[in-house]
Amino acid sequence: MSEDQTPEARTSVDALRDGETIDQPFLLAEKSLRTNRNGQLYLLAQLRDRTGQISALMWNVAESDFDHLPVGSGVRVKGRVQTHQGGLQIIAHKVRSAGDDFDADAFRPAASEATAEAFKALSDLLLSLPDEDLRELMASFLADEPLMEAFRTVPAGIKAHHAHRGGLCEHTAAMALAWRRLADLYPEVDSSTVLAGCFLHDLGKTGELDPETFTYTTPGQLLGHMQIACDLLAEKIALTVDRTGRPFPEAKRWHLTHLILSHHGTPEKGSVKEPMSPEAVALHALDTLDAKVNEFLKILGEDPKSESDLTPYHPRLGRRLFRGPR
């Protein structure tokens, strides 16, 4: 990578400001050609580095202009940053290859050092579940090394929360560890089921998200992580039955499937079903707690030197955030 292409020599995505002129490299996460009202083509791209993602538009383009720029490659973008609907975007004047020496890994969100520790803590919890059926089922999942490698690699989200390599593992472990501290307060809630639900609820993101480009895969677009997780659950139940020689209780199968399908809480938030058991309610609350706290802390950390008590308005959240005495 040449000197002017290093992440250190450029303005990171989280530091871009309205009106800023740029000429620097990015990782091309998505690209599509669209048609405006006059029938003219324009480029809509998603650009990213380790700190975040930003949309870029380039007007009056030809279809052949971008055939040589595959998703996942480096592009050098010349343009201007502007505010649009409360967020930032880049109006590009020129988009070209960043060159063969572009280091894509330097522009992908790095895995947190906490990922391995989180996976170890989570595995220990799952392999010590009191419920033997669920413990054996979790063992079948954990023994699938390609699946677990994906679980330790993919983010939990593209933008909102835990949007870094290993984010899914860290989010899942945080939920399970939070429940371990809360479980004694709710003795009538089945802890084995809640912990299994923590592990399963977003497991489908291993097939939904691409950790290299931080975009949605084709199965992710067509099926979504809930359906992918339900398919994984059915596969591992069958494997567990073959391995142990014992049938898996149908009521437990239904309940685990329900936890996956209801963990978003309401249809408006993407749930297939609303939570219908104490365990499902607990899972939804744990998911919301960890995701929202992580998202808020990420936003507050993006501009630590600001002297304002409030962050700028965030369109996705529909509010400004209070910094408080931190």
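The values are calculated or read from the model by the stated rules, or taken from the named source; none is laboratory data. Since the structure is predicted, the reported quantities are computational estimates derived from the model, not experimental observations. Neighbour counts are summed over all protein chains in view; Cβ atoms, including those assigned to glycine, are modelled from backbone coordinates with ideal geometry. Ligands, DNA and RNA are stripped out before the accessible areas are found, and what is left, the full protein with its side chains, is counted by its heavy atoms. Shrake-Rupley method; radii C 1.70, N 1.55, O 1.52, S 1.80 Å.
Normalised by the residues of the chain, what does the relative contact order come to in percent, with Cα pairs under 8 Å and at least six apart?
Value for the chain: 12 percent.
May I ask you to compute the full-extension gain from residue 274 to residue 218, defined as 0.36 nm times their residue separation minus their alpha-carbon distance, rounded to one decimal in nm?
Full-extension gain reported as 17.5 nm.
Out of every Cα pair in region 175-220, what percent are spaced more than 15 Å from each other?
Roughly 54 percent, rounded to a whole number.
Under a crude label model (7 Å from the Cα following the beta-carbon direction), how far is residue 127 from residue 253 in nanometres?
That separation, rounded to one decimal, is 2.7 nm.
Given points 7 Å out from each Cα along the Cα-Cβ axis, report the residue 12 to residue 322 separation in nanometres with one decimal.
2.8 nm
Below 8 Å, C-alpha to C-alpha, sequence gap of six or more: please give me the relative contact order for region 202-326 in percent.
12 percent
Could you tell me what percent of the accessible area of region 1-144 is made up of carbon and sulfur, with a 1.4 Å probe and every protein chain present?
Roughly 45 percent, rounded to a whole number.
What accessible area per residue, rounded to a whole number of Å², is obtained for the chain using a probe radius of 1.4 Å?
Here the residues of the chain average 51 Å² of exposed surface.
How far, in degrees from 0 to 90, does helix 167-182 lean away from the longest principal axis of the Cα atoms of the chain, to the nearest 10?
40 degrees
Expressed as a whole percentage, what fraction of the accessible surface of region 183-303 belongs to carbon and sulfur atoms when a 1.4 Å probe is rolled over the protein heavy atoms?
Its accessible area is 60 percent carbon and sulfur atoms.
What are the extents of the Cα atoms of the chain along their three principal axes, in Å, largest first?
63, 47, 41
How big is the Kirkwood radius of region 92-247, worked out from every pair of different alpha carbons and given in Å to one decimal?
Evaluated over region 92-247, this radius sits at 16.9 Å.
If you take the beta carbon distance between residue 120 and residue 182 as r and set R0 to 22 Å, what does 1/(1 + (r/R0)^6) give as a FRET efficiency, to the nearest 0.05?
So, using R0 = 22 Å, E works out to roughly 0.55.
Could you point to the residue in 234, 72, 40 farthest towards the positive end of the chain's charge dipole, with +1 and -1 charges on the Cβ of Lys/Arg and Asp/Glu respectively?
With unit charges placed on the Cβ atoms, the residue in question is 40.
GNM on the chain, C-alpha springs below 10 Å: top fluctuator among 64, 123, 12?
64
So, with +1 on the Cβ of K and R and -1 on the Cβ of D and E, and no other charges, what is the size of the charge dipole of the chain about its Cα centre, to the nearest 20 debye?
1020 debye
For labels at residue 231 and residue 148 in the simple 7 Å Cα→Cβ model, what's the distance in nm?
Label at residue 231, label at residue 148, 2.3 nm between them.
Determine by what factor the alpha-carbon radius of gyration of region 252-308 differs from 2.2 N^0.38 Å, reporting the quotient.
Rg over 2.2 N^0.38 Å, computed on Cα atoms: 1.52.
Expressed in nm to one decimal, what extension gain is obtained for the pair residue 105 and residue 68 from 0.36 nm per residue of sequence separation less their Cα-Cα distance?
Contour length minus the Cα-Cα distance gives 11.3 nm.
Output ³J(HN,Hα) for region 187-196: one whole-Hz value per residue in order, computed from phi by the Karplus curve 6.51 cos²θ - 1.76 cosθ + 1.60 with θ = phi - 60°, and x for Gly and Pro.
For region 187-196, the Karplus-derived couplings read x, 7, 8, 6, 5, 4, 5, 4, 5, 4 Hz, x marking Gly and Pro.
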